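Reading through the structure tokens given below for one structure.
The values are calculated or read from the model by the stated rules, or taken from the named source; none is laboratory data. Values in this document were obtained by computation on a predicted structure and should not be read as measured data. Reconstructed Cβ throughout: ideal geometry from the backbone, glycine too, with neighbour counts over all protein chains shown.
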């Protein structure tokens, strides 16, 4: 157990609704990542933070997606006007220590009806 | 950009046998290669990793080998046990990429038959 926690674990929503996910890493002021994983595929990078600064965003992150990390601690990922194609597992990972090893949380599974 | 291919997509072995999963990467600048195990309903769990300055690393029943010239790396699990059944992912990243983001393979579903 890495200690990275994510909430909620499951979210079912109707198309067009907004959803927000939260990630609580073990440590503050380190690198924190968001990935998306669709069924049968490996995780895909969405974005990452160094402390509170969002330093890189994938092309997968459309303008309906926004991520924040106030104060360099927990992070939130919001999806506006959800679409069925947004259905996936959203994973948060943090780097612990100086070896760039990424440790993942349990994920939030989103289902858009 | 980097592309990581993983084979096989499914692997079934008898308990006690060895399992080998192979990955190839496209970006010669990649220098960090972790392996993750993912069980149903859980996030990926880091099980072993290797950096480009070594060719092999072992941790009990798990070993990883890296061939930089051929740009491929492999996961070896010996004396497999039913609890090894899961989906395994390889990944690659490069230190010159300031994000150190991971590029994942598509996964291998390992089934260990008792």
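Set side by side, the residues B:33, B:73 differ, and just one is more than 14 Å from every other protein chain (Cβ to nearest Cβ), in contact with a strand residue (DSSP E or B) (Cβ under 8 Å, 6 or more places away or on another chain) and either assigned to a loop (DSSP other than H, G, I, E, B) or surrounded by 19 or more Cβ atoms within 10 Å (Cβ to Cβ) (or both), which is B:73.
Scanning the stretch B:76-101 for residues that are part of a strand (DSSP E or B), farther than 14 Å from residue B:23 by Cβ and more than 14 Å from chain A (Cβ to nearest Cβ) gives a single hit, B:77. Has the stretch B:51-68 got any residue that is at the interface with chain A (Cβ under 10 Å from one of its Cβ atoms), surrounded by fewer than 16 Cβ atoms within 10 Å (Cβ to Cβ), in a strand (DSSP E or B) and on the phi < 0 side of the Ramachandran plot? Within the stretch B:51-68, one or more residues are at the interface with chain A (Cβ under 10 Å from one of its Cβ atoms), surrounded by fewer than 16 Cβ atoms within 10 Å (Cβ to Cβ), in a strand (DSSP E or B) and on the phi < 0 side of the Ramachandran plot. Just for the stretch A:88-103: of the residues that are surrounded by 20 or more Cβ atoms within 10 Å (Cβ to Cβ) and over 10 Å from the mean Cα position of the chain (by Cα), which one is farthest from residue A:42 (Cα to Cα)? Filtering first and then ranking leaves A:94. Taking the numbered list (1) more than 14 Å from chain B (Cβ to nearest Cβ); (2) surrounded by fewer than 20 Cβ atoms within 10 Å (Cβ to Cβ); (3) modelled with pLDDT of 95 or more in turn, residue A:73 passes all entries but (3).
State whether the residues of the stretch A:79-86 include one that is in contact with a helix residue (DSSP H, G or I) (Cβ under 7 Å, 6 or more places away or on another chain) and either in contact (Cβ under 8 Å) with a residue 24 or more places away in the chain or crowded, with 16+ Cβ neighbours inside 10 Å (or both). Yes - at least one qualifying residue is present in the stretch A:79-86. Just so you know, in the stretch A:87-113 the residues that are touching a residue at least 60 places away in the same chain (Cβ under 8 Å) and away from chain B (no Cβ under 12 Å) include one that is nearest to residue A:51 (Cα to Cα), and it is A:110.
The numbered conditions (1) assigned to a loop (DSSP other than H, G, I, E, B); (2) in contact (Cβ under 8 Å) with a residue 24 or more places away in the chain; (3) within 14 Å of another protein chain (Cβ to nearest Cβ) are all true for residue B:21 except (1).
Among the criteria (1) at pLDDT 95 or above; (2) within 14 Å of chain B (Cβ to nearest Cβ), the one residue A:26 does not fulfil is (1). Could you tell me whether the stretch B:102-110 includes any residue that is within 26 Å of residue A:94 (Cα to Cα) and away from every other protein chain (no Cβ under 13 Å)? Checked against the condition, which is being within 26 Å of residue A:94 (Cα to Cα) and away from every other protein chain (no Cβ under 13 Å), the stretch B:102-110 yields no hits at all. Of all the listed residues (B:45, B:38), the sole one being within 14 Å of another protein chain (Cβ to nearest Cβ), closer than 28 Å to residue A:92 by Cβ, surrounded by 18 or more Cβ atoms within 10 Å (Cβ to Cβ) and modelled with pLDDT of 95 or more is B:38.
Screening residue A:9 on (1) in contact (Cβ under 8 Å) with a residue 60 or more places away in the chain; (2) away from chain B (no Cβ under 13 Å); (3) surrounded by fewer than 16 Cβ atoms within 10 Å (Cβ to Cβ) shows it passes everything except condition (2).
Where residues in the stretch A:31-58 are crowded, with 16+ Cβ neighbours inside 10 Å and in a loop (DSSP other than H, G, I, E, B), which of them is nearest to the other protein chains (Cβ to nearest Cβ)? Among those that are crowded, with 16+ Cβ neighbours inside 10 Å and in a loop (DSSP other than H, G, I, E, B), it is A:42. Taking the criterion of being under 13 Å from the mean Cα position of the chain (by Cα) and either closer than 13 Å to residue B:76 by Cα or modelled with pLDDT under 95 (or both), the residues of the stretch B:9-26 that qualify are B:19, B:20, B:21, B:22, B:23.
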